[in-house]
Amino acid sequence: MWKKWIHSNIGAAVLNMAVAYLVWMLSRLAFFAENWSTFAPYMSWSLFKSMLHGALVFDTSALFYVNALYLALMLLPLHLKERTGFHKGLKWLFVVTNAVALAMNLMDAVYFQYTGRRSTVTVFTEFANEGNITSIILTEFIHHWYLVLAFIGLVFLLWRCYTKPRLEVYRFGHHYYISQFIAMLVMILLAIVGIRGSITAGTRPITISNANQYVNRPVEASVVLNTPFSMIRSLGKKAFVTPDYMPREQMEAIYTPVHAHPDTLAGAHPGKNVVILIVESMGKEYIGSLNSNLDGGNYKGYMPFIDSLVSKSLTFEYSYANGRISMDAMPSILSGLPMMVESIFLTPASLNDVDGISSILDREGYSTAFFHGGHNISMGFSAYAHSIGYKQYYGLDEYCQSSKYGGMDDFDGKWAIWDEPFLQFTLDNIGEMKQPFLTTVFTASSHHPYNVPEQYRDSLKDEGGQPIHKCVRYTDMALRRFFERASHEPWYQNTIFVLVADHTNQASHDVYKTDLGLYSIPIIFFTPDGSLAPKHDEVTIAQQTDITPTLLHYLGYSKPYLAFGNDLFATGNDKVGNTWAFSYNAGIYQLVKGDLLLQFNGEKTTAVYRFKTDPLLKENLVGKLPEQQLMELFLKALIQQYMSRMNENRLLPNR
């Protein structure tokens, strides 16, 4: 009887799903191993058991999604299907669909290092305009050959362990139809429960954010999740859903992104030129002068020129990115719009009416230009730059039209023109702009796959155990040569420079691997004429969305504008209470204010840390601090403002 059951359609389907469970779990172990340094230091036995429980819940849901057609055909109560050819086809269907799911999981083991989360369906939009994506994937296959071997081995396991029903066990009478019909009903019920993630009546189907209930840190939710689930559950979903936390009047009273300055601003410098340098992957960890407490005070970092600039600039001890990918940086820095749930580029909200520092200064008579050495449609930068008022865009196409440089010989082979020649090309064009001007430069060389130009490969080596270190040394050298030449230009002394990273990248120290450390970047304001006194501010909380409001204050702009950030020059004496930073990861909203980090899942606060005295975020103080209620209320108002304005196209101050 046992053998007969095993070789029936019902038994074969159960055994094959069990094999799929095993193979998917092995792919999760590969994901964990590939990102060992992110997860292992915080692991405990209780966390492991909780993660395993969550992994089974999310794998069950995804396995039923992925294998729905296979199970329906296998258990279809129709005796005409019981043929050898039909079941050979079912084997191929089962193996191919699960192989695609495995490929997603293993590819995300690598891509997770740059995003800090499982990929959603928007990843296809993100790289839609990148003609080099095939080359990048092939490069990763070579660099991560062991994951390719793991994929081959797991697919072989699926194929080799597949159980086919034996047709001779059947008698095609009423017993066949009854058993198949009952099995299909049971499987439908199990699928409903499995996909929903719970047998409890009245609960909602699990979503990506539910993974956080099984972990201690949002970044750990990626271990519990699997990529097919993240893809499926984000398909066709509206990114921005307006919550109903409070009446609009209360929301406006607690927080508004509309800035309305008085007619005169103290310390204003109207007519100054502005140069914003968005430096690819320049995590705060790479700058020695901003990390005097690391390695017993002996840490040197990898960007000596930036160190020299810091000594002449306004910098911040606590400064953060609002997102984890390059697409998040431009709206944050140039329009004061942080990433919340999804990158604005990848949602219908990208068509909203929106201002930026470029359109604001254009109306004030500024010349404006944006520079990025990648293909002109790369990452949607050109489209966004034009939408917020940049009059000129200089990309790879314009660079190759210049006879002064090497054209495509200066292309890094993957993403963009090398930083050193492109920054010199930038200076050529800045010199032709009418003053006052606003220029923004987005560098590219400190980026995966972590190469440097051939002439520097002997002098710039991997240091500190991270491949990116040689790249940030190269970019540091390119920036030094940019400033050396710029210092001789007539416009230099009348310019404010802002240097900021788009996001963080590979980290070596544990403090930069926490939920907050993953967003820790430098924000540097430098004025050659000394109009901003050099200072390392150890009180103010700074973020990317503060850059536009702060620059507008510096320039004396007094008209209303909208930005989800702070004017760092107008926060009064209580900078601890008036400055804050926001970020979002894997369904968790993060608010940094004062000396607290609050994490909120959209319904309740899940964690509170004193991040200044507990930088590794070891002690969760949720429910223990009186400040928690006020911070949560502020964060709710912030989220509701953002979502409602995105959905209602109210990203201008008069709406």
Please report the Cα spread of the range 254-383 along all three principal axes, rounded to whole Å, starting with the longest.
50, 38, 37
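Taking square-rooted eigenvalues a ≥ b ≥ c of the alpha carbon gyration tensor, is the range 484-590 rounded, prolate or oblate, where a/c under 1.5 means rounded and, failing that, a/b exceeding b/c means prolate? Before the final figure, lay out each step's value.
On the way: a/c = 2.04, a/b = 1.37, b/c = 1.49.
Taking the square roots of the gyration eigenvalues as a ≥ b ≥ c, the range 484-590 is oblate.
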Show which aspartates and glutamates lie in cross-link reach of LYS300 when reach means a straight Cα distance below 13 angstrom and same-chain residues fewer than eight apart are skipped.
GLU285, GLU463
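Shape call for the range 310-407 from the C-alpha gyration tensor, a ≥ b ≥ c root eigenvalues: rounded (a/c under 1.5), prolate (a/b greater than b/c) or oblate? It would help to have the intermediate numbers written out before the result.
Working: a/c = 1.44, a/b = 1.23, b/c = 1.18.
Taking the square roots of the gyration eigenvalues as a ≥ b ≥ c, the range 310-407 is rounded.
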In vacuum, with every alpha carbon of the range 444-515 counted as one equal point scatterer, what does the Debye formula give for log10 I(q)/I(0) at q = 0.19, 0.21 Å⁻¹? Two decimals, please.
-0.88, -0.98
In degrees, nearest 10, range 0 to 90: what is the angle between the Cα axis of helix 419-430 and the longest Cα principal axis of the chain?
50
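Net charge within 11 Å of MET282 by Cβ-Cβ distance, Lys/Arg positive one each and Asp/Glu negative one each, not counting MET282 itself?
For residues surrounding MET282, the net value is -3.
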Taking the reciprocal of mean 1/r across every pair of different Cα atoms in the range 600-639, the Kirkwood radius in Å is 10.8
What do you get for GluC sites (Glu not before Pro) in the range 424-474 restricted to DSSP loop and a cutoff of at most 13 other Cβ within 10 Å of the site's Cβ?
GLU432
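Calculate the FRET efficiency for LEU93 and TYR21 from the Cβ-Cβ distance with a Förster distance of 22 Å, rounded to the nearest 0.05.
Numbers: r = 18 Å, r/R0 = 0.80.
Plugging the Cβ-Cβ distance into 1/(1 + (r/R0)^6) gives 0.80.
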Looking only at lysines whose Cα falls under 30 Å of LYS88's and that sit 8 or more positions away or on another chain, we get LYS3, LYS4, LYS164
Considering only Cα-Cα distances, which of the following residue pairs are longer than 29 Å: LYS414/LYS612; LYS391/LYS461; LYS49/LYS513?
LYS414/LYS612; LYS391/LYS461
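In terms of the ratio Rg/(2.2 N^0.38 Å) built on C-alpha atoms, what value belongs to the chain?
Numbers: Rg = 27.2 Å, N = 655, 2.2 N^0.38 = 25.9 Å.
Against the compact-globule rule of thumb, the ratio is 1.05.
Using Cα pairs under 8 angstrom and six or more residues apart, how large is the relative contact order of the chain, in percent? It would help to have the intermediate numbers written out before the result.
Details: 1114 pairs, mean separation 123.4, N = 655.
RCO, the chain: 19 percent.
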Helix 133-143: inclination vs the chain longest Cα principal axis, degrees, rounded to 10, gives 70
Quick one: angle between helix 45-66 and the longest Cα principal axis of the chain, in degrees between 0 and 90, rounded to 10, please.
70
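So what's the projected area for the range 1-108, the Cα convex hull averaged over all directions, in nm²?
Details: hull surface 33.5 nm².
Seen from a random direction, the Cα hull of the range 1-108 projects 8.4 nm² on average.
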Run down the aspartates and glutamates and flag those whose C-alpha is under 18 Å from the C-alpha of LYS535, throwing out any fewer than 8 positions away in its chain.
ASP307, GLU317, ASP546, ASP567, ASP574
Segment THR134-GLU364, extension gain: residue separation times 0.36 nm, minus the distance between their alpha carbons
78.4 nm
The range 190-301 shape via C-alpha gyration tensor axes, a/c threshold 1.5
oblate
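Can you give the Rg/Rh ratio of the range 563-655, where Rg is from the C-alpha atoms and Rh is the Kirkwood radius?
Working: Rg = 14.3 Å, Rh = 14.4 Å.
Using only Cα positions, Rg/Rh for the range 563-655 is 0.99.
All of the numbers you see were taken from the coordinates with simple rules; none came from a lab. Owing to the predicted nature of the structure, the values given are computational and were not obtained by experimental measurement. All Cβ positions, even for glycine, are placed from backbone atoms using ideal geometry, and neighbour counts span all protein chains on display.
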